[in-house]
Amino acid sequence: MLGIVGVGHVAIKVTDLDRSLDFYRDRLGFPEMLRLKHDNGETWLVYLRITDDQYLEIFPGAENDRAPGWNANGVNHMCFTIEDLDGTTERIKAAGIALTSEIKPGLDGNRQAWIEDPDGNRIELMEMADDCLQLQAIRRLHQERT
């Protein structure tokens, strides 16, 4: 893959930084790792930790009130891999975040639920099944390498 070893971060623009930090940091539990500021002291971006190697960058100053719809050009959604979808969705609901789609099976064989952030960015919560299409493909790749 031309030296690419992973996805380091996803960056989003938001209309209200404090509202987005309440959602991602305070309710979903992604710790704030660092803030970069402009020379005038205003926040340029906030870096939130998803895993040790994957981050979410939040940039304030979005031009629109809401992310584009499902069929717009650009990133369609983010997907967070979840180990215990039932427990995670219960904690999300308890944190005051509504599911936009309850838990259901996906076409790929995984279980999924959906939420939206305050700016309408769509987020898939995916629990991978042992026999899902992604893991089947990964197993094939590993077999081809041996």
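The values are calculated or read from the model by the stated rules, or taken from the named source; none is laboratory data. Please read these numbers as outputs of a predicted model, since none were measured by experiment. Please note: Cβ atoms are built from the backbone with ideal geometry, for glycine as well, and neighbour counts cover all protein chains shown. These accessible areas exclude ligands, DNA and RNA; they are computed on the full protein's heavy atoms, side chains included. Shrake-Rupley method; radii C 1.70, N 1.55, O 1.52, S 1.80 Å.
If you scan the stretch 25-64, which residues turn out to be surrounded by 11 or more Cβ atoms within 10 Å (Cβ to Cβ), in a loop (DSSP other than H, G, I, E, B) and among the charged types (D, E, K, R)?
D53
Name every residue in the stretch 1-24 that is surrounded by 12 or more Cβ atoms within 10 Å (Cβ to Cβ) and aliphatic (A, V, I, L, M), in order of residue number.
Result: V10, A11, I12, V14, L17, L21.
Against the definition (under 20 Å from H9 (Cα atoms), in contact (Cβ under 8 Å) with a residue 60 or more places away in the chain and not charged (D, E, K, R)), how does N121 come out, yes or no? First the steps, then the outcome.
On the way: under 20 Å from H9 (Cα atoms): yes; in contact (Cβ under 8 Å) with a residue 60 or more places away in the chain: yes; not charged (D, E, K, R): yes.
Spelling it out, N121 is indeed under 20 Å from H9 (Cα atoms), in contact (Cβ under 8 Å) with a residue 60 or more places away in the chain and not charged (D, E, K, R).
If you check every pair at least six apart or on different chains, which have Cβ atoms under 9 Å apart with a residue in the stretch 26-45 that is at negative phi first and a residue that is assigned to a loop (DSSP other than H, G, I, E, B) and open to solvent by 70 Å² or more (accessible area, probe 1.4 Å) second?
W44/H38
Go through A72, A113 for me and flag whichever is within 16 Å of the chain's Cα centre (by Cα) and not β-branched (V, I, T).
A113
List pairs: first residue in the stretch 2-17 and under 19 Å from D53 (Cβ atoms), second residue open to solvent by less than 60 Å² (accessible area, probe 1.4 Å) and assigned to a loop (DSSP other than H, G, I, E, B) anywhere in the structure, Cβ distance under 7 angstrom, at least six positions apart or on different chains.
Close Cβ pairs (under 7 Å, with a partner that is open to solvent by less than 60 Å² (accessible area, probe 1.4 Å) and assigned to a loop (DSSP other than H, G, I, E, B)) amount to I12/N121.
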